[in-house]
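Heads up: the structure comes next, in structure tokens.
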Amino acid sequence: MSVTKRDYYEVLSVSRDCDEQSLKSAYRKLALQYHPDRNPDNPVAEEKFKEAAEAYAVLSDSQKRASYDRFGHQGVSNGVGQGFDESAFGDFSDILGDLFGLGDVFGNGRGRRQRVQRGEDLRYDLEITFEDVMNGISADVQVPRLEACAKCHGAGAEPNGGLVMCATCNGRGEVLYQQSFLSIRKTCPTCSGRGQVIRQACSLCRGEGYSRTQKRLKVNIPAGVDTGTRLRLAGEGNPGPAGGQPGDLYVVLKVKDHPIFERREGNLHCTLPVNIAQAALGAEIDIETFDGPQKVRIPEGTQSGAMVKIRNLGVPEVNGRSRGDLYVHMDVQVPKKLTREQRKLFEQLGEMLPAENTPHEHSVFEKVRNFFH
Ligand SMILES: [Zn+2]
Ligand SMILES: [Zn+2]
């Protein structure tokens, strides 16, 4: 059937003297409106879409446009008479690519499409000690992961002549489909975009391209890390298939509990038993810390639950300079058993001490006061 072609300017609803920009936006509007993705199984829309694309292909080319202006459809029939001028797709993908992700579909000859996949990210759980947290550590780990085969370097084929060019795509890695009037480039299904196929599988990895190994790695763990901290080792994950980028390795830390010190944010806490005389009279006690022995001065009249703060003996800030503090909680020990002599002394003391035994409300204030002693 032969239908009279509509005027290209009319198709795009632009004036004959319109500039490039308004041409482009007029075309874009129509293309979006009638795009097959938005109008599945709609032959009318398809026809309109095609018509607009053809008009734009001509009018966006100054030479063709001049020819068209002078001679009408006759003047440009060579380029666009049968189906379609491929060069129009170049602009097409620029215009629509963002919206439809059509950069791929309208392959425009700007380099072969790379469909190479990135390798898988891996997770490795690592338990470290409290001392490691305080000092930082360079840990040796063995991570089970894939390694490109030593013989075929990931290709999966025998090194000499094991690979041949893919016959489906002639080594280009992609194939061109004609879907209605659109040319669509797709990754070659035979070779998955590699452009080559295996004729003879590698004898070492049986064509897999990889071997399972225990990769030895050094992980530098800075001081201050905590349970749940993730350290990323870029490129230490599994290798990408067909020579793609390797994934990353995430080392996820778990800190073992310490028998004495407990961490709260950047601060450390511990409990120090003191006897009733030390609490009443005051004392100086040496305790072992991560920074060596440290004197804790217990003031006279210290109550059970009171705290002594020692600055800058807490957890270091990750990659920083500041440190938290160490809080020493006093646990005043009342003797459970007394010798005869001790009993005598306590009895004497008891006669001298005031007995303030009126019950009072269980006071939150009391606790807070002790806490900030
Ligand atoms: Zn191999
Ligand atoms: Zn192929």
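In the neighborhood of Cys205, defined by Cβ-to-Cβ distances under 12 Å, what is the net charge if each Lys or Arg adds +1 and each Asp or Glu adds -1? Could the numbers behind the result be given before it?
On the way: positive: Lys151, Arg206, Arg212; negative: Glu147, Glu158, Glu208.
Result for the local shell: 0.
Provide the per residue accessible area, probe 1.4 Å, for the stretch 277-347, rounded to a whole number of square angstrom.
67 Å²
How far apart, in nanometres, would the label points at Asn170 and Arg212 be if each is projected 7 angstrom from Cα along the Cα-to-Cβ direction?
Between Asn170 and Arg212, the simple spin-label model gives 4.3 nm.
So how much slack lies between Glu120 and Gln21, counting 0.36 nm per residue of separation and subtracting their Cα-Cα distance, in nm?
Separation in residues times 0.36 nm, less the Cα-Cα distance, equals 31.2 nm.
Evaluate E = 1/(1 + (r/R0)^6) for Lys295 and Asn319, where r is the Cβ-Cβ distance and R0 equals 45 Å; express this FRET efficiency to the nearest 0.05. Write out the running numbers ahead of the final one.
Numbers: r = 30 Å, r/R0 = 0.68.
Once rounded, the FRET efficiency stands at 0.90.
Test of understanding: what is the full-extension gain from Asn312 to Tyr177, defined as 0.36 nm times their sequence separation minus their Cα-Cα distance?
Working: separation 135, 0.36 × 135 = 48.60 nm, distance 6.90 nm.
Full-extension gain reported as 41.7 nm.
Give the calculated FRET efficiency between Glu47 and Ala150 to the nearest 0.05, with a Förster radius of 56 Å applied to their Cβ-Cβ distance. Spell out each step's value before the answer.
Details: r = 58 Å, r/R0 = 1.04.
After rounding to 0.05, the efficiency reads 0.45.
List the lysines whose alpha-carbon lies under 30 Å from that of Lys254, not counting same-chain residues fewer than 8 positions away?
Lys215, Lys218, Lys309
Sort out for me the Cα centre separation of the stretch 154-205 from the stretch 272-350, rounded to whole Å.
74 Å
In cubic angstrom, how much convex hull volume per residue do the alpha carbon atoms of the stretch 254-373 span?
Values: hull volume 18.3 nm³, N = 120.
With only Cα atoms used, the stretch 254-373 gives 153 Å³ per residue.
For the pair His258/Asn220, report the inter-label distance in nm, with labels modelled 7 Å from Cα in the Cβ direction.
A separation of 2.4 nm, rounded to one decimal place.
Which whole-number value in Å² is the accessible area per residue of the stretch 1-55, probe 1.4 Å?
Accessible surface, normalised per residue, equals 65 Å².
Each label point is 7 Å from the Cα along the Cα-to-Cβ direction; what then is the distance between the points at Glu265 and Gln200, in nm?
Label at Glu265, label at Gln200, 6.8 nm between them.
Between beta-carbons, use under 13 Å as the cut-off and find the net charge around Asp17, counting Lys and Arg +1, Asp and Glu -1.
Charge balance in the 13 Å sphere: -1.
With the contact rule set at Cα under 8 Å and sequence spacing of 6 or more, what percent relative contact order holds for the stretch 198-313? Walk me through the numbers on the way to the answer.
On the way: 117 pairs, mean separation 15.6, N = 116.
Averaging sequence separation for qualifying contacts and normalising by length gives 13 percent for the stretch 198-313.
Give the cross-link partners of Lys64 among the lysines, using a straight C-alpha distance below 24 Å as the criterion and excluding same-chain residues fewer than 8 apart.
Within the straight-line cut-off, Lys64 pairs with Lys5, Lys24, Lys29, Lys48, Lys50.
The values are calculated or read from the model by the stated rules, or taken from the named source; none is laboratory data. On a predicted model such as this, the values are computed, not experimentally measured, just so you know. Glycine also receives a Cβ, built like all others from the backbone with ideal geometry; neighbour counts cover every protein chain displayed. Accessible surface areas use protein heavy atoms only, side chains included; no ligands, DNA or RNA. Shrake-Rupley method; radii C 1.70, N 1.55, O 1.52, S 1.80 Å.
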